[in-house]
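Participant: This is the structure I have questions about; it appears just below.
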Amino acid sequence: MGEGEKTRLVAWSRELRRVHDRLREALTVTREAVAAGEPAEPATRDLLLFCHGLCSALTAHHEGEDRELFPVIAEQHPELRETLHYLQQDHSMIEHLLTALQAAVARAAPPSELDRHLEGLSAIMESHFRYEERRLLTVLETLTLDTHPKTALGPL
């Protein structure tokens, strides 16, 4: 791996933490808006923006990990195959939760229902982020990739 490639991977591991923090904050702000009892239409509009932007980025990130990154990690670090399996299961569950949230937002579900969707999404995302950070960030700093990190990790 060239020095520039390694620098990008180290920078990406740091950026991944920042992205996780931004996604956490977006969920917090959205949940606070729903809890404050703001009128349904503005809350729904904000949630639609959240879903179209952040949900799309999160999905693209997970697809890139599943397609590009995880196979390379499995090859170079076979001891992490079980970890990768758990992370892929999380990706599937998060996608299911995002789909359900988007459907609830599209039909202007009441705030209590939206909050249940956000609570479920928040719980699995937090668990996923912490596990991923604990298990993979160090690996990202030493991994030999034949592809650009953005291709492997998505356009976050």
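Participant: Restricting attention to segment 99-109, which residues are aliphatic (A, V, I, L, M) and either free of Cβ contacts under 8 Å to residues at least 12 places away in the same chain or touching a strand residue (DSSP E or B) at 6+ places or on another chain (Cβ under 9 Å) (or both)?
Facilitator: Correct list: A103, A109.
Participant: Mind listing whichever residues of segment 99-121 are among the aliphatic types (A, V, I, L, M) and farther than 18 Å from E32 by Cα? Explain how you work it out, then say what you get.
Facilitator: Initial filter on segment 99-121 (among the aliphatic types (A, V, I, L, M)): 100-101, 103-106, 108-109, 114, 118, 121.
Result: A100, A103, A106.
Quick grid of which residues meet (1) over 15 Å from E65 (Cα atoms); (2) among the charged types (D, E, K, R); (3) modelled with pLDDT under 85:
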site: A100; (1), (2), (3): yes, no, no
site: V105; (1), (2), (3): yes, no, yes
site: I124; (1), (2), (3): yes, no, no
site: Y131; (1), (2), (3): no, no, no
site: K150; (1), (2), (3): no, yes, yes
site: P155; (1), (2), (3): no, no, yes
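Participant: Further question on the same structure: If you go through segment 70-100 one residue at a time, how many are hydrophobic (A, V, I, L, M, F, W, C) and under 24 Å from T147 (Cα atoms)? Walk me through how you get there before you give the answer.
Facilitator: Pass one, segment 70-100, residues hydrophobic (A, V, I, L, M, F, W, C): 70, 72-74, 80, 84, 87, 93-94, 97-98, 100.
Narrowing further to those that are under 24 Å from T147 (Cα atoms): 70, 72-74, 80, 84, 87.
Total satisfying the criteria: 7.
Participant: Any residue in segment 110-128 that is under 14 Å from H96 (Cα atoms) sitting within a Cβ distance under 7 Å of a residue that is small (G, A, S)? List the pairs, counting only those 6 or more apart or interchain.
Facilitator: As it stands, the answer is H117/A100; H117/A104, since those pairs meet every condition given.
Participant: Within segment 73-82, is even one residue modelled with pLDDT under 80, part of a helix (DSSP H, G or I), of a type outside the set (K, R) and buried (at least 17 other Cβ atoms within 10 Å of the Cβ)?
Facilitator: Going through segment 73-82, the residues modelled with pLDDT under 80 turn out to be none.
No, there is no match, as no residue in segment 73-82 is modelled with pLDDT under 80, part of a helix (DSSP H, G or I), of a type outside the set (K, R) and buried (at least 17 other Cβ atoms within 10 Å of the Cβ).
Participant: Which members of segment 102-118 meet the condition of being assigned to a helix (DSSP H, G or I) and over 15 Å from the mean Cα position of the chain (by Cα)?
Facilitator: Q102, A103, A104, V105, A106, P111, S112, E113, L114, D115, R116, H117
Participant: Name the pairs: first residue in segment 136-155 and over 17 Å from Q88 (Cβ atoms), second residue modelled with pLDDT of 70 or more and charged (D, E, K, R), Cβ to Cβ under 7 Å, at least 6 apart or on different chains?
Facilitator: Matching pairs, first to second residue: T147/E68; T151/E68.
Participant: Here is a follow-up. Select from segment 119-147 the residues that are of a type in the set (S, T, N, Q) and outside any helix (DSSP H, G or I) and list them in ascending order. Spell out the reasoning first.
Facilitator: Of all residues in segment 119-147, those of a type in the set (S, T, N, Q) come to 122, 127, 138, 142, 144, 147.
Listed by number, the residues that qualify are T142, T144, T147.
So that you can scan it fast, the table gives a plain yes or no per residue for (1) part of a helix (DSSP H, G or I); (2) at pLDDT below 70; (3) of a type in the set (D, E); (4) within 20 Å of I124 (Cα to Cα):
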| site | (1), (2), (3), (4) |
| --- | --- |
| L23 | yes, no, no, yes |
| V34 | yes, no, no, yes |
| R45 | yes, yes, no, no |
| C55 | yes, no, no, yes |
| L69 | yes, no, no, no |
| H85 | yes, no, no, yes |
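Participant: Is at least one residue of segment 87-94 exposed (fewer than 13 other Cβ atoms within 10 Å of the Cβ), among the acidic types (D, E) and part of a helix (DSSP H, G or I)?
Facilitator: no
The values are calculated or read from the model by the stated rules, or taken from the named source; none is laboratory data. The structure presented is a predicted model; accordingly, all values stated were derived computationally and were not measured. Here the Cβ is made from the backbone with ideal geometry for all residues, glycine too, and neighbour counts use every protein chain on show.
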